[in-house]
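A.B. asks: Please find one structure pasted underneath; my questions will follow.
The values are calculated or read from the model by the stated rules, or taken from the named source; none is laboratory data. The shown structure was predicted, so the numbers you read here are calculated from the model rather than taken from an experiment. Because the Cβ atoms are built from the backbone with ideal geometry, glycine has one as well, and the counts that use them run over all protein chains shown.
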Amino acid sequence: MQYTLLITGSPYQSKACHTALRFIRACIEKHPNAIKGVFFYGDAVLVGSQIPQPPRDEINLLQAWQDIAQEHNIPLYLCIAAAVRRGIISEEESRRYELKQHSLAENFQLEGLGTLVELIHTTQKVIQFR
Amino acid sequence: MKHTLIHLNSSPYANLSCKEGLDLALVLATFEQPVDLCLSGSALALLNNNQLPTAEHGKNLHKLLDGLEFYDIENIYIKSPSSVGESQHWQGTKPLNEAEWHALFSQYQQVFRF
């Protein structure tokens, strides 16, 4: 079975992003290809910013997501509308809005909600973390 | 084709959850995916007529309700009796009794909460 994860909880106000990571680790231990993709929506998109610097004695959530994405080839999508309004800007969007900087972290990509619909359509189960 | 229920439970003016839940419903419907809505808790405030939110409050999401039928979103459920006064709220909802409300959530392939 392949899963799509929909994460909507803020990385700062909830444990949604943390719990989803643990779910993925448990899942791929038994079924390495079980995760089709992860779609971050709402405040969860904040996890894809390259700017925050967590205290050294706490989990670096961004790094944890980047590691798991690279290691297991899991695509990480941020809803473009939710991300841009929260200041998570890719190089391309930065040019479009004529900004001097961009903030999207590596291994994350901005996509529309249509990508989530496609994921819903092509996986057996979608699990929301909020 | 998966049938989706979007459960709105957040105040339309407290944060963006309610708006982003509605946005997802509209996109699913645009892609011709069957989607129903149900409202409970603070999200019931969305149904109140005569809302005049300022820019600081956020967008007037109540105005979206009349357009839902054009996206073929025709089932908007609330639990009856609701805390919203019948005469002052949007008339397009389908009230469900306690048992129907609880049965609702197992009728869908997926339920997303906002």
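A.B. asks: Among the numbered criteria (1) away from chain B (no Cβ under 14 Å); (2) surrounded by fewer than 15 Cβ atoms within 10 Å (Cβ to Cβ); (3) assigned to a helix (DSSP H, G or I), which single criterion is violated by A:Pro55?
C.D. replies: (3)
A.B. asks: For region A:114-124, what are the residues that are surrounded by 14 or more Cβ atoms within 10 Å (Cβ to Cβ) and either touching a Ser or Thr at 6+ places or on another chain (Cβ under 6 Å) or more than 14 Å from B:Leu24 (Cβ to Cβ) (or both)? Spell out how you get there, then give the answer.
C.D. replies: Keep residues of region A:114-124 that are surrounded by 14 or more Cβ atoms within 10 Å (Cβ to Cβ), which gives A:115-120, A:123.
Once the filter is applied, which keeps residues that are surrounded by 14 or more Cβ atoms within 10 Å (Cβ to Cβ) and either touching a Ser or Thr at 6+ places or on another chain (Cβ under 6 Å) or more than 14 Å from B:Leu24 (Cβ to Cβ) (or both), region A:114-124 yields A:Leu119, A:Thr123.
A.B. asks: Give just the number: which of (1) of a type outside the set (Gly, Ala, Ser); (2) surrounded by fewer than 19 Cβ atoms within 10 Å (Cβ to Cβ); (3) assigned to a helix (DSSP H, G or I) does B:Leu52 not satisfy?
C.D. replies: B:Leu52 satisfies all of (1) of a type outside the set (Gly, Ala, Ser); (2) surrounded by fewer than 19 Cβ atoms within 10 Å (Cβ to Cβ); (3) assigned to a helix (DSSP H, G or I) except (3).
A.B. asks: If you don't mind, another one. For the condition surrounded by 16 or more Cβ atoms within 10 Å (Cβ to Cβ) and hydrophobic (A, V, I, L, M, F, W, C), what is the one hit in A:Leu99, A:Leu76?
C.D. replies: Going through A:Leu99, A:Leu76 in turn, the sole match is A:Leu76.
A.B. asks: Still on this structure, please answer the following. Tell me, please, whether a residue that is without any contact (Cβ under 8 Å) to a residue 12 or more places away in the chain and either of a type in the set (Phe, Trp, Tyr) or closer than 23 Å to B:Asn15 by Cβ (or both) can be found in region A:27-41.
C.D. replies: Checked against the condition, which is being without any contact (Cβ under 8 Å) to a residue 12 or more places away in the chain and either of a type in the set (Phe, Trp, Tyr) or closer than 23 Å to B:Asn15 by Cβ (or both), region A:27-41 yields no hits at all.
A.B. asks: Based on what the data block shows, is B:Glu32 of a type in the set (Asp, Glu), at positive phi and either out of contact with any helix residue (DSSP H, G or I) (no Cβ under 6 Å at 6 or more places or on another chain) or assigned to a helix (DSSP H, G or I) (or both)?
C.D. replies: Taking the combined requirement at face value, the residue satisfies it.
A.B. asks: Another question, if that's okay. Filter region A:1-16 down to residues that are closer than 12 Å to A:Leu61 by Cβ and hydrophobic (A, V, I, L, M, F, W, C) and give me whichever is surrounded by the fewest Cβ atoms within 10 Å (Cβ to Cβ).
C.D. replies: Among residues in region A:1-16 that are closer than 12 Å to A:Leu61 by Cβ and hydrophobic (A, V, I, L, M, F, W, C), the one surrounded by the fewest Cβ atoms within 10 Å (Cβ to Cβ) is A:Ala16.
A.B. asks: When region A:84-97 is examined, which residues are found to be part of a helix (DSSP H, G or I), more than 12 Å from chain B (Cβ to nearest Cβ) and closer than 16 Å to A:Asp43 by Cα?
C.D. replies: Matches in region A:84-97: A:Val84 only.
A.B. asks: Then there is this: What's the number of the only condition in (1) part of a loop (DSSP other than H, G, I, E, B); (2) modelled with pLDDT of 90 or more that B:Ser83 fails to meet?
C.D. replies: Exception for B:Ser83: condition (2).
A.B. asks: Moving to a separate point now. Suppose we filter A:Ala81, A:Ala64, A:Ala69 for residues that are within 14 Å of another protein chain (Cβ to nearest Cβ) and part of a helix (DSSP H, G or I); which single one remains? Walk me through it before giving the result.
C.D. replies: Numbers: A:Ala64 fails: within 14 Å of another protein chain (Cβ to nearest Cβ); A:Ala69 fails: within 14 Å of another protein chain (Cβ to nearest Cβ).
So the residue among A:Ala81, A:Ala64, A:Ala69 that is within 14 Å of another protein chain (Cβ to nearest Cβ) and part of a helix (DSSP H, G or I) is A:Ala81.
A.B. asks: Can you tell me which residue in region A:98-128 is farthest from B:Leu28 (Cα to Cα), limited to those that are free of Cβ contacts under 8 Å to residues at least 40 places away in the same chain and more than 14 Å from chain B (Cβ to nearest Cβ)?
C.D. replies: The selected residue is A:Lys100.
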